Structures are given as structure tokens and as C-alpha cells.
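Here the structure is laid out as C-alpha cells; the discussion comes afterwards.
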Amino acid sequence: MRQLLPEAYIHNMQSMLGPDAERFLESYDAPRAYGLRLNPLKYTSNKELLSILEKQFRLEPIPWCSTGFYYDESTSPGKHPYYAAGLYYIQEPSAMTSAELLDPQPGEVILDLAAAPGGKTTQIAGKMAGQGVLVANEIHPARAQILSENVERAGIANAIVTNAPPDELSRRFPSMFDRIMLDAPCSGEGMFRKDEGAIAEWSESHVVMCAARQADILDHAAIMLKPGGRLVYSTCTFNRAENENTIEAFCQRHPQFSVVQTERVWPHISRGEGHFVAVLSKAGEVPDTVSAGNNARVHESDGARLGGRRRTQAGAPGRPSASLAADMALLRGFTDATLPGGIALGPGEPLRFGDALYWLPHTIGGGPIQAGDLTGLKVARPGLHLGDVRKNRIEPAHALALSVHADAAAWVQTYRPEAPEIAAFLRGETLPAEEGSAGWGLVAVDGLPLGWGKASGGQIKNHLPKGLRRFK
Ligand code: SAM
């Protein structure tokens with residue numbers, strides 16, 4: 001593979017690394033490392049499950065990420081039913097560094113500004129533990145859709161997925177975020193081993209173009225960060241123009257920012273591809289939500305608990321309109337019958353997009369993003385998709401199935417991963433109903449929901465969305 005590298009690139013790396021360049025260049029012919037990250041929203045230090053996963057995928061811990069593991073490529077965890085259940089995310093090991101350094105806290109308001117396909121977003125959401133508000137933005141519509149699917153599969157209830165250019169977000173949301181992750185579009189030198197296509201795209205003028213674009217996106221991030229907030233900038237490229245120089249020039253343009261730390265991950269030193277991370281802080285008071293997030297836990301009265309014993313809807317700002325209240329009443333009817341264990345929605349407000357009913361997340365204190373703030377913005381997922389409103393009933397959303405615990409449901413048919421019923425369900429086929437299954441319920445793998453089924457006449461009708469069905 002080394003012979004595919006552009007001459008100018010090799011020359012740049014030699015002048016940057018000096019005598020180490022040879023070892024660096026040799027790493028292109030070494031095998032690459034594969035990583036997955038467990039999803040804390042689905043996995044709660046279940047030692048038994050971890051030992052199953054360790055054996056199944058031959059896991060070894062990744063030193064810089066407590067939920068990250070190397071896996072043996074031949075075990076293909078991306079094809080396993082646990083993947084469809086959102087138990088883990090497949091992520092290049094070095095790429096796990098930047099969200100660790102962002103250090104997200106439950107209860108905060110966080111922006112992932114260049115978020116697709118969702119590696120950092122799912123990692124940040126795991127650390128937020130469902131509390132606070134996460135805005136995951138992606139500029140390209142098709143990639144925003146992939147991001148949205150990954151948010152859904154991970155069972156993230158407190159994310160708003162937007163599809164906007166950074167300048168539009170900075171006009172709407174100045175000084176709004178406690179932390180911002182900017183995993184910037186870059187020339188991708190660190191991905192050459194993983195993706196040969198990145199080699200063909202590389203040129204010195206592309207590096208210059210990337211650096212100019214990064215400066216522009218960073219300037220918008222600066223506007224959106226609260227005083228006292230933390231900004232993490234990362235790239236998967238090696239050259240200084242897109243890394244140290246970009247950060248230095250940024251701090252000169254924005255003297256209220258200072259560099260807390262920078263890190264480089266090198267493929268000839270660590271087991272992973274190349275990565276650069278800079279942690280920056282913005283001068284000023286530490287924002288309120290940081291301390292609120294550290295000390296507070298979501299109480300039922302801060303949100304809405306549907307089904308189960310309590311049915312309050314305190315904490316939503318103002319009263320929802322009569323039609324939204326009627327939608328929520330339909331949802332309550334659904335959850336009473338189908339999720340008797342109840343679903344605990346965090347603070348937030350109901351929101352309709354066409355027929356789709358969402359729960360827009362808020363912080364404990366309310367806001368900072370209200371339904372009205374989204375008007376005119378391209379939004380792929382304005383919070384947790386609860387269901388679609390049909391005439392006098394609710395059709396539950398796939399996102400709802402993936403965000404609840406299976407034991408909350410009136411019935412669950414759960415199978416081992418290798419059971420033929422799991423493959424059949426993932427292909428979209430009907431399953432035989434077990435005794436006690438009637439109406440809506442969940443089909444699960446080892447107790448992790450895969451999707452909704454509707455039992456009638458001895459059969460479970462499959463409600464896995466058509467786009468997610470697997471035929472291999
Ligand atoms: N953070 C992602 C993850 O962990 O999965 C990877 C992000 S990738 C390195 C950079 C993203 O920036 C791409 O999805 C790309 O579409 C997006 N992007 C491209 N141009 C952009 C721009 N001008 N402003 C914001 N994002 C942009």
C-alpha cells in the first residue's frame with residue numbers, strides 16, 4: 001500500500017517526523033485495528049453479557065476508552081443481531097479519543113457539529129446517560145439520515161438531529177452549548193490505510209481548502225459555545241496546516257479561547273489510525289448547566305411518565321396545544337396497554353412533524369431549545385420519535401422500541417442470537433406468537449429490543465421498518 005502514497009505527502013511526513021518517518025511509513029503495510037464501543041444506554045455493566053461478547057468477538061480493551069474494545073475482524077460484529085439492537089457501535093479505535101476528552105456530563109447542552117455517521121454522537125450520548133440535550137448536526141442530507149438511524153438504534157432519547165450548515169446554527173443558537181465537539185471534515189491522511197479512496201482525493205491544494213473550511217466552521221463553533229465552555233476539535237489527518245496551525249490561528253482570532261491540551265495518535269505508536277485532538281476552553285464563568293448536570297438527577301416530576309403508576313406531565317414549558325394534548329392522550333392509551341412498566345420521558349415537550357409525534361428533550365430547568373426554535377430549520381429527528389398518529393390511535397415508532405427496556409412491555413418474545421426466529425424477524429418475516437402474546441409487544445435478542453411486533457391469530461406481524469430489514 002505504501003507505494004500508493006503521493007510523493008508530496010511522503011515528503012511532508014518525512015520533514016515532519018524526521019528519523020521516525022520510516023517506521024510511520026511502514027505502518028501502512030501493517031494490519032489495521034478494528035474497534036467497537038459498548039453502548040452504556042443498553043448495557044449496564046452486565047458481566048455475563050460482557051463475557052459472552054468477549055468470547056464471541058475476541059475483545060481486548062482499548063486503553064484510552066473504558067467502553068472501547070478491539071475485536072477480531074473475522075468475527076464480524078456489525079452483522080450480529082446485537083448490533084441491530086444497538087448494544088455497540090463499530091468505531092475506529094483512535095476516533096474514540098476526542099469524545100473522551102470532551103468529557104460530556106449528564107444534564108448538559110452539547111453540540112456535535114459535524115456528526116455523521118455518529119461515532120462521537122453515540123459516545124457523547126452514552127456519557128450523558130439520557131440527561132440534558134444533545135444536538136447532532138450533519139450538513140449533508142444523506143449523511144444526516146444515516147446519523148439519524150444510528151441515533152435511533154443506539155436508543156438515544158435526548159438528541160435532536162439537525163441537517164444545517166454551521167452558519168445557520170450559529171445564527172440561531174449563540175452561546176447555547178456547554179460543550180461542542182467539532183470532528184472536522186479534513187483531508188483524511190490518517191484514514192489512508194482504512195480507505196484507499198482517501199489517497200486518490202489527497203492533494204496539497206485539498207489540504208489548503210480543508211484548512212480554510214475548518215477555520216470557517218470553528219468560527220461558528222466559537223459563537224455557539226457558552227463562556228466557560230469546552231470545545232474539542234479533532235481531525236483524522238496528520239499535516240500541521242489542518243491541526244496545530246488551524247488551532248493557533250483560531251486562538252489568535254478568538255483570544256477568549258485557550259488550548260487546554262492537544263493529542264496526536266500515531267499509527268506506528270498506538271494500535272489505531274491517525275488522529276489529532278485539541279481541547280480548548282472559552283474564558284468566562286462555568287455555565288449553570290454544568291453544575292446542575294453534575295448534581296442533579298432527572299426526577300419523574302421533571303418529565304412525563306407514561307404508563308406505570310404515575311401519569312404527570314409537569315416540566316414541559318407551558319401547556320401543549322389541545323391537539324398535542326390529544327396526541328399525548330392517545331400515546332398514554334397505547335403505553336397503558338403495551339408498556340405497563342411505563343416509559344420515563346425526561347424533561348421536554350411533545351412535538352408533531354406531519355403525522356409523527358416526537359418528544360423534544362429539554363434540560364431540567366427547561367429549554368434551551370423549544371419547538372418554535374426549530375421552525376425553518378432542517379431537522380432529521382427532533383427528539384425521541386414516539387409514534388405516528390393515525391385516526392384515533394398511535395402506531396409506535398421503531399425509535400421507541402429501541403429506547404425502552406424490554407421488561408416494560410406487556411409481552412416480549414426474546415431469543416438467543418442464533419435462533420432462526422431472530423434472523424426471520426430481521427428479514428421482516430412474521431413469527432409464531434407465544435402464549436400470552438396479544439396486541440403490540442417487543443421482539444428481542446437476549447432481552448434487548450429489536451423492534452415491535454403485533455400479535456393476533458397466533459402470529460406476530462413484523463413492524464421492523466422496511467429500510468432496516470436484512471436479507472443476508
Ligand atoms: N464525527 C463523525 C463521527 O464520529 O462519526 C465523523 C465526522 S466526519 C470526520 C466530518 C463530517 O463533516 C462529515 O460527515 C461531513 O459531511 C461534514 N462536513 C462536510 N463539510 C462540512 C461543513 N462545511 N460544515 C460542517 N460539516 C461539514
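The values are calculated or read from the model by the stated rules, or taken from the named source; none is laboratory data. All values derive from a computational prediction rather than experimental measurement. Here Cβ is always computed from backbone atoms with ideal geometry, including for glycine, and neighbour counts include all displayed protein chains.
Computed quantities for the displayed model
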| read-out | value |
| --- | --- |
| Selected residue (only one of Ala444, Ala423, Ala410 is aliphatic (A, V, I, L, M) and in a loop (DSSP other than H, G, I, E, B)) | Ala410 |
| Verdict on Asn158 being among the polar types (S, T, N, Q), in contact with a Pro (Cβ under 7 Å, 6 or more places away or on another chain) and either free of Cβ contacts under 8 Å to residues at least 24 places away in the same chain or within 14 Å of the ligand (Cβ to nearest atom) (or both) | no |
| Enumeration of residues in region 185-197 that are assigned to a loop (DSSP other than H, G, I, E, B) and surrounded by 24 or more Cβ atoms within 10 Å (Cβ to Cβ) | Cys186, Ser187, Phe192 |
| Hits in region 105-126 (condition: under 23 Å from Glu263 (Cβ atoms) and away from the ligand (no atom under 14 Å from the Cβ)) | Gln105, Glu108 |
| Qualifying residue in region 257-269 (condition: among the hydrophobic types (A, V, I, L, M, F, W, C), outside any strand (DSSP E or B) and touching a helix residue (DSSP H, G or I) at 6+ places or on another chain (Cβ under 8 Å)) | yes |
| Close pairs from region 134-151: first in contact (Cβ under 8 Å) with a residue 24 or more places away in the chain, partner within 11 Å of the ligand (Cβ to nearest atom) and acidic (Asp, Glu), Cβ under 8 Å, at least 6 apart | Leu134/Asp112; Val135/Asp112; Ala136/Asp112; Asn137/Asp112; Ala144/Glu138; Leu147/Glu138 |
| Some residue of region 409-429 being in contact (Cβ under 8 Å) with a residue 60 or more places away in the chain and closer than 22 Å to Ala344 by Cα | yes |
| Which listed residue is in a strand (DSSP E or B) and closer than 30 Å to Leu464 by Cβ, from Val151, Val232, Val161 | Val161 |
| Which numbered condition Gly86 fails, given (1) within 16 Å of the ligand (Cβ to nearest atom); (2) touching a residue at least 24 places away in the same chain (Cβ under 8 Å); (3) surrounded by fewer than 20 Cβ atoms within 10 Å (Cβ to Cβ) | (3) |
| Selection count where residues are loosely packed, with under 13 Cβ neighbours inside 10 Å and closer than 19 Å to Tyr89 by Cα, scope region 1-49 | 3 |
| Segments classed as strands (runs of 3 or more DSSP E), wholly inside region 35-104, with at least 3 members that are closer than 30 Å to Val133 by Cα and of a type in the set (Asp, Glu) | none |
| Residue in region 166-177 that is within 14 Å of the ligand (Cβ to nearest atom), touching a residue at least 40 places away in the same chain (Cβ under 8 Å), surrounded by 24 or more Cβ atoms within 10 Å (Cβ to Cβ) and among the polar types (S, T, N, Q) present | no |
| Test: residue in region 272-280 that is without any contact (Cβ under 8 Å) to a residue 60 or more places away in the chain and in a helix (DSSP H, G or I) | no |
| Which numbered condition Arg310 misses (of (1) modelled with pLDDT of 95 or more; (2) touching an Asp or Glu at 6+ places or on another chain (Cβ under 8 Å); (3) exposed (fewer than 14 other Cβ atoms within 10 Å of the Cβ); (4) not hydrophobic (A, V, I, L, M, F, W, C)) | (1) |
